Every structure is written in C-alpha cells, then in structure tokens.
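> Please see the structure below; I have some questions.
Just so you know, all these numbers are worked out from the coordinates, no wet-lab data involved. In this text, all values refer to a predicted model and were calculated from it rather than measured experimentally. Cβ atoms come from the backbone with ideal geometry, glycine included; neighbour counts cover every protein chain shown.
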Amino acid sequence: MRQDSGVSGMNSTRNQRQSVVAGFAIAGILASLIALFPGPIDAAASGAANADDGRPRVGLVLSGGGARGAAHIGVLHVLEDLRVPIDYIAGTSMGSIIGGLYAAGMTPDEIEDTLNAMDWVNIFDDRPARETRSFRRKRDDDLYLVKSKPGFNEGRVELPLGAIQGQKFDLALRALTLPVSEIQDFDDLHIPFRAVATDIANGEEVVLGSGDLAQAMRASMAVPGAFAPTRMDGRLLVDGGIANNLPISVVREMGADVVIAVDISTPFLPTEDIRNVLGIAEQLTSILTRKNAEQQLATLTDDDVLLIPQLGDIGTGDFQRAGEAVPTGRAAALEARQTLARLSLDPGAYSRHVAQRMPRLGREPPVIEYVRVDNQSRVGNALILERMNIPLGEPLDRARLEADITAIYGLDLFEIVSYRLEEEDGRTGVIVEARERTWGPNYLQFGLALSSDSRGENSWNLGVGYLRTAINPLGGELRSALQLGAEPLLGGEWFQPLDARSLWFVNPRFRLGRRFITEFSADASERLADYRVDSLQLDVSTGREFASFGEARVGYRLESGDVTVETAGSALPDDTFTDGRIYLRLAADRLDNPNWPTRGQIASLQYAAARTGLGGDSNFDQVTAGYNHFTNFGQNTVGFLSQLNVTVDGEAPLQSRFRVGGFLRLSGFAEDSLSGQHTGSVALLAYRAYKPLPVLSWYLGASLEYGGVWDDRDDIFRDGFAAGSLFLGSDTPIGPLYLGYGQAERGNRSIFVFLGKPF
C-alpha cells in the first residue's frame, strides 16, 4: 500500500509500540539545546544527488533508541574526520532528532556540547513556570483538589492522548529550526533529510520529506502514551520506531547507492535482569522494534556499512548517562575505519562536496510585518492576539515571542500553543496556532484533605469539583464544588473577564455549607463550648488583575444561617443570623510552588465592613492580613509565615470570629480549634529536600511559632502561645502530606498527620 506524504511514501508494517521510557529520553535531549545553538543558517538550493559525479551516493540511517541515541553524535564525529560525504539522512525517533539537526546545519561538536548542558527534568512537565501563570490560574492552587483534570464531556470521562502534550518540547524544536523555517522541501536542507513516523490509526509508516521540520521531528518521536500524537494532514502521527526503527529503505528510495546504518536499538535483556515493570517495558520495546529493524538489516549488501555501538547497560531512559554513549558511537565508527575509508574523499573533493551544501552562515532575524492566529478553540481571536507583544516592523525577538506563547498556554485552555513563520507577498509574519484540549472544555477534579492527631482530634473532607471553561469568547468559566466530610459544602462561581486581556472581571459566587467553632477559656486550658454554623453565603465582586502576580477586588457578601450549640448540657441558646458586608481585597502571589515553595512571596490584605444597612444584624469592621516569604539555599528552604486578623471596630458575632490552630498556625493545637475577635500567628520554618525515589520528593523540616487568640485588641500578641513542630513531608500526587510532632505551651502537644495546603 502506498500513500503520499511530502515527497516520500509510507509502507505498511505491523503496528508496534515504542516504550514510554524511550520517549522521555528523546524529549530530554532538547531541554537545553536552544541556549547553545550556534546561530542561523542560510538555505541553498543545490542537491547532493547532483554533486561529485562519479562516486556512489551515501545515505546515513540513524535508528531510534532513546538516550542511547547520543551514540549517533560519536559516529558523526568520525564520519567528518574521515571525510565521508553524506548525501542523504533518514532517522527515526532519536535518530530523527540528531539527524534532523545535523541536516539543518548543526555540527557534531555543537550537538555534543548541548548534550552536556542538558536539563533532563524541565521537558517532562508541560506546565509553565508558576510565576508566568495568570493570577486566576494560581488560585486553583488554593484548592486541595489534585492537579490532574480529566475531561467530562457528554457523560463520559476523557483523558489526554499523552502524558506529555509536548508544549516545551515543541518550543525547543521551533527555536532550533527557526533559521531554516522557510524551507518546506527537506531536500533543500544542508543535507536532504527524512523523518519517519507512524500513523497510529493503521500502523503504517509515514515518511516525512516536506513541510515543517520541527513538526516532522516532533512526530517521529511521539511515543504513544508518553507524548500526545502530532496532528498532520488529518492524521495522528506517533513514534516511527513502531513501523520502521532503522529506515534503510527510506535512504535507498532517496537515491543512496551505499548505506551507513547505525543501530542503537536496545538489546534483549537476559531473564535475570528483568526484575520489575520497567524491565518488562524495556523488553517489550526491544521486541516490538527489533523485528522491523531485522527486516531492514536483511536488505544490506556487501557495499553497505553497519555500525552497532556497544552501549552496554545504557538504557533508553538513562538520560544522565547519555554523554557516555557518545564515545561508544565514535568507537564503533573507528572500528569500521577501513571499511568507511572506501567512501572517503580527498581533502579537495571533500571541501567541494561540503561547499555544495548549504553554507552555515548566519542571517539576521526576519522583520515581522504581521501576526495572525490559527485559532482552533471556542475563545475569540482577540484573547490570543492581545497577549502577543511582538512589535511590527522590527526583527523577531524569539525570547519575547516564546514568553508570550507561554503566557497563552498558561491560561490552561489549550492542548498546545505553537507558532510558525510564513511569507506572503514578500512580507514575513508570525502565525500563532492555538489548539484547544481534546479532552475539554469540561473537567472534573477530586481531592482529599485530612488532619488527625494523637488526642483524637480528627477531620477529613472529600471534594469533587467541576469546571467548565471557554463558555464565551472572552474565556468565562463556571466552577462548582461538592465537599463531604467534617465540613460539608456545596458551592459554585462564575468568573467572567470583561476584556480580551482578562484584566477586568466580575465574579458572582455562592456557598452552602457547615463549619464548626470551638470556644476556649482565655488561657486555652478549658473547652467551653462547641458550635455548629450552617449558612448560605452569596457573594458578588468585581476587580482587576495585575499581570500574573496580583489582583484587587471589591465586593458585597450576604450570609444567612443558624448557630447550633453542640455542647451537651449547655444552657446557651441556638440562634439565627444574617451578615451583610462590603469588602476590599488586595492580593499578590509570586510563589514558585504552592505546596513546597523554594522562593517567592504571597500576601493579602482585606478590609470588610459589616452593616445593618447592608442587610446584616450588626455593625463591625474587620481587617485580615497575611504575608509569607520563602528563600532557598541549595536544597534548603527558609520560610517566614505571618497572619493577623483584627476586629477593628465593634464586636463580631460568633460566626464571624477568626479561627487559628493546627500545623504551622500554632502546632500542638487541633486544626482551627481556637477562635476569637482577634487572632495572629508568626512562624519561622526550614526544610530540606531529598529525592530517594524518582517519583517523590521528601522534605525534612522544623518550625518555631508564636501566636494566639484575643478578645481585647490591646492584648494582641500579649500572653500568646509559643509553639513548634518537627515534620517529614512529601509532595504526593494527591497533595502535600505531612507527618510530624507539634507542641505548644501549657501542655498542648500532638503527633499529627496533615494532608492539605498549609501555605
């Protein structure tokens, strides 16, 4: 079966699956490439097949193999040292990355230097740095719901097509191939090139020889399950290793007379080395890709050269050992030196051959004359264009463009946001492609929060949230939440931006719930009474966001409910209440991580005025203020936490009193066990990060705290409680977990378990 794709075809093969581990290795190879790329390259039109008449045309084949693919770089070093001309290159997966960059004009030295400066972790996480996310999206972190948001559409749960959408990976490829972005025919690259991918719908090989070079390389390494497929011409393309991991047939079709094939496929593991699920996954990778590779190897002739670097126990996912693979590629090529020498050119002929390739001369960045949007979503074009800050009539600033792209992606509306350059009527423009999530726009989130201590004070809440995004062109959204447990509630909100940049907004909300208030004696030695508060709260506010770090809002809140005395034998009566207030709130958030910050600040200040004229039962004014600051020293983080809540005028009724107590807010007391007209706490904490396992980070820390509850404003921070804690914590998939010991003055101590958001 033959189908056209670019200038090549695709051959039917058995549908085989590449390992997720291999995909991560491939992704890691590009995390740091941009900083070390030497510069732009000019295109030239001369084809290698028409040069150096009288000699055989040489095709280089680079197989897939994850981190083991670094061996390809060593082979390239030797081929250049021996003056072996390369007329065509075809690569699969990692081979397409190394081969594509070399075909675009990057030297082996530059690729190797990049490898040594690699960031192996960054590419695994599609999320932009938290500092670049919108303030609205940062507020999602206030919820204890887990980060993962599966789709919920037409009554069924939907998941992404890959664990990684490839946003950062795509930007890296775009930057690396930007100098040759105007080249659509891969025959016009420095060396003619083909990338091999697989159509996931039918398992057929797809040979990419034209179009967008970055997209072609991205498609070739999209390991199913690990990376989302690449959409091209109505097809979903995944890792080419499934169909043809060693594409010898491809370079022959390009015109190669002699093939140099580099096979870095992972060998079969012996039985004794298959010890866990990762070992089984790696073995399956070898089995699935080996058969099509053997079919290709069977086509080699005596004139061809096969190089098999001895990579030993370097696995497809051994990113940190990728540098070790380079010398093995060099050694394999040197071992075949005599055979390769048959293809060598004399210095003069080799110089002429290289001269017929595209020169590696730099060129100035193109002047951008227009910006357009390829918007494949429900939101309006203006929402995207208003976030693009590209000055027209000036040379392209790639760093600025990528920052804008990242900000748009940080809205959490799109599966991927990318860009490309195009020329129209002699003018160069930027096309921004924004494709909405295939599993949206409706999402579910689940979460669990709990606290328990050795005194029997236990509390748990189980929550589920529903989020509907992009309800209109300005990006309005609806959220509802249901919580079961110690403090059940039902809530919802409508967040509606009023302009395309989402600076101004309105935010109506409601909350129907239950909470508990405990009254202690002045010295906290005696528990006087417990109260249950059931209420309905309505809130409407409007405000303005400031860049990605803060907002100001003003609002009106009306709350009505019942206060029930829970203490047995209490003579206190039950009561009803209504609270009407207006408030002004300022907030800023520059934390790098909401669960375990290492740097940044988060602060808030609110003034609320409750009045009978606003529908309430009483008049009083309250101010709440908080400020947390974090600084890191290597693996060590030091934090300062502070909170002050003051009833500045009048007397707040029971349901409006402030609560304090619990981990880092007077450790040793139960969670929110103290209440009063005024509360305050300060804490100094320190923790150190450890990572004994690849999937979890652990933290060992301690805190010193001081605070209390006061009914007289003049007593604030007098006769308070000193407290502290020792804790072991982890950033688990369901949220930050803490195990520790807390102690406060006057005999308040406990061993606690806490799952939730303490910061």
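> Can you tell me the dipole magnitude for the chain around its Cα centre, using point charges on the Cβ only (Lys, Arg +1; Asp, Glu -1), in Debye to the nearest 20?
Working: 72 positive and 98 negative charges, 94 e Å.
The dipole magnitude comes to about 460 debye.
> Could you state the number of Å between the C-alpha centres of the stretch 310-350 and the stretch 658-702?
54 Å
> Okay, moving on. At 7 Å along the Cα-to-beta-carbon direction for both residue 444 and residue 560, put a label point, then send me their distance in nm to one decimal.
It works out to 3.4 nm between the two label points.
> Read phi for every residue in the stretch 144-157 and hand back ³J(HN,Hα) as whole Hz from Karplus 6.51 cos²θ - 1.76 cosθ + 1.60, θ = phi - 60°, with x for Gly and Pro.
Once rounded to whole Hz, the list reads 8, 5, 5, 5, 5, 10, x, x, 9, 10, 6, x, 9, 7.
> P(r) for the chain, please, calculated from all Cα pair distances in 20 Å bins and given in %.
Pair shares across the bins are 15, 41, 28, 14, 3, 0.
> Can you compute 3J(HN,Hα) from phi for each residue in the stretch 323-340, using the Karplus curve 6.51 cos²θ - 1.76 cosθ + 1.60 with θ = phi - 60°, rounded to whole Hz and x for Gly and Pro?
Each residue of the stretch 323-340 in turn: x, 5, 6, 4, x, 5, x, 4, 5, 5, 5, 5, 5, 9, 4, 5, 5, 5 Hz.
> Given H placed on each backbone N at 1.01 Å, which residues far from residue 721 in sequence or on other chains put an amide H within less than 5 Å of it?
Residues meeting the criterion, in which the H sits 1.01 Å from N, are 707, 708.
> Between residue 346 and residue 132, what is 0.36 nm times their sequence separation minus the Cα-Cα distance? Round to one decimal in nm.
Numbers: separation 214, 0.36 × 214 = 77.04 nm, distance 5.42 nm.
Going from the current span to full extension adds 71.6 nm.
> OK, next. So how far apart, in nm, are the two label points at residue 80 and residue 684 if each is 7 Å from Cα heading toward Cβ?
Reported label-point gap for residue 80 and residue 684 is 5.5 nm.
> Just for the chain, what percent of DSSP beta bridges are antiparallel, to the closest 5?
Values: 204 of 231 bridges.
Antiparallel: roughly 90 percent of the beta bridges in the chain.
> While we're looking at this one, here's another question. Would you please give the residues with an amide H less than 5 Å from that of residue 648, counting only those at least 5 places away or on a separate chain, with H modeled from the backbone geometry?
Here 621, 622, 623 satisfy the definition.
> Also, quick follow-up: Can you give the FRET efficiency for residue 501 and residue 422, using 1/(1 + (r/R0)^6), R0 = 25 Å, r = Cβ-Cβ distance, to the nearest 0.05?
Details: r = 26 Å, r/R0 = 1.02.
So the FRET efficiency works out to roughly 0.45.
> For the stretch 303-344, which trypsin sites (Lys or Arg not before Pro) are in a loop by DSSP, counting at most 16 other Cβ atoms within 10 Å?
Loop-located and lightly packed - 342.
> Suppose a student asked you for the relative contact order of the chain, using Cα pairs under 8 Å spaced at least 6 residues apart; what percent would you report? Don't skip to the answer; put the middle values down first.
On the way: 1977 pairs, mean separation 88.4, N = 759.
After rounding, I find 12 percent.
> No solvent, one uniform scatterer per C-alpha: report log10 I(q)/I(0) for the stretch 515-610 via the Debye equation at q = 0.13, 0.22 1/Å, two decimals.
Each listed q corresponds, in turn, to -0.74, -1.03.
> While we're on this one: With a sphere of radius 14 Å drawn around the Cβ of residue 336, what net charge do the other residues whose Cβ falls strictly inside it have (Lys, Arg +1; Asp, Glu -1)?
Numbers: positive: 330, 337, 342; negative: 81, 263, 302, 303, 304, 335.
That sum, taken over residues with Cβ under 14 Å, equals -3.
> Please express the shape of the stretch 590-632 as an equivalent ellipsoid: the semi-axes are the square roots of 5 times the eigenvalues of the C-alpha gyration tensor, given largest first in whole angstrom.
Details: eigenvalues 253, 15, 8 Å².
Semi-axes from the Cα gyration tensor: 36, 9, 6 Å.
> Taking a 31 Å limit on the Cα-Cα distance, which of the listed pairs 149/691; 138/691; 168/291 fall beyond it? All intermediate terms of the calculation are to be shown ahead of the outcome.
Working: 149/691 26 Å; 138/691 26 Å; 168/291 33 Å.
168/291, as the Cα separations exceed 31 Å there.
> Now for a separate question. Considering only DSSP beta bridges whose two residues both sit in the stretch 302-440, what percent are antiparallel, to the nearest 5? Each step should come with its number before you reach the end.
Numbers: 12 of 20 bridges.
Of the beta bridges lying entirely in the stretch 302-440, close to 60 percent run antiparallel.
> Compute the separation of the alpha-carbon centres of the stretch 64-112 and the stretch 236-252 and state it in Å as a whole number.
16 Å
> Explain nothing, just compute: Karplus ³J(HN,Hα) = 6.51 cos²θ - 1.76 cosθ + 1.60, θ = phi - 60°, for every residue of the stretch 527-536 in order, whole Hz, x for Gly and Pro.
Computed from phi, the couplings for the stretch 527-536 are 8, 8, 6, 10, 10, 10, 10, 10, 8, 10 Hz.
> Further question on the same structure: Once you have the Cα-Cα distance between residue 233 and residue 302, take 0.36 nm times their residue separation minus that, and quote the gain in nm to one decimal.
Working: separation 69, 0.36 × 69 = 24.84 nm, distance 3.91 nm.
Length gained between residue 233 and residue 302: 20.9 nm.
> Going highest first, how would you order 596-605, 390-399 by mean Cβ packing within 10 Å? If you can, show how the numbers build up before the last one.
Values: 596-605: 18.1, 390-399: 12.5.
For the peptides 596-605, 390-399, the packing ranking is 596-605, 390-399.
> Now for a different question. How large is the helix-only mean residue ellipticity at 222 nm for the chain, computed as the sum of -39500 (n - 2.57) over DSSP H runs with n ≥ 4, divided by its residue count, in deg cm²/dmol to the nearest 500? Before the final figure, lay out the partial values.
Working: 15 runs with 139 residues, N = 759.
That comes out to -5000 deg cm²/dmol.
> Still on this structure: With charges only on Cβ, +1 for K and R and -1 for D and E, what is the dipole size of the stretch 470-579 about its Cα centre, in debye, rounded to 20? Numbers along the way, then the final one.
On the way: 11 positive and 18 negative charges, 119 e Å.
Charge dipole of the stretch 470-579: 580 debye, to the nearest 20.
> A further question on this structure: Return the long-range amide H neighbours of residue 529 (sequence gap of 5 or more, or a different chain), with a cut-off of under 5 Å between placed amide H atoms.
Correct list: 519.
> Continuing with the same structure: State, to one decimal in nm, how far the label point of residue 728 lies from the label point of residue 376, with both points 7 Å from Cα in the Cβ direction.
4.8 nm
> Identify the trypsin sites (Lys or Arg not before Pro) of the stretch 694-759 meeting these criteria: DSSP loop state and at most 14 other C-beta atoms within 10 Å of the C-beta. Please report the intermediate quantities before stating the final value.
Details: sites: 713, 718, 746, 749; in loops: 718, 746.
Passing sites in the stretch 694-759 are 718, 746.
> Could you tell me the relative contact order of the stretch 146-227? Use alpha-carbon pairs under 8 Å, at least six residues apart, and round to a whole percent.
Details: 81 pairs, mean separation 26.3, N = 82.
Rounded, it is 32 percent for the stretch 146-227.
> Moving to a separate point now. What is the dipole size for the stretch 100-139, taken about its Cα centre, with +1 at each Lys and Arg Cβ and -1 at each Asp and Glu Cβ, in debye to the nearest 20? Walk me through the numbers before you get to the answer.
Working: 7 positive and 8 negative charges, 178 e Å.
Roughly 860 debye, rounded to the nearest 20.
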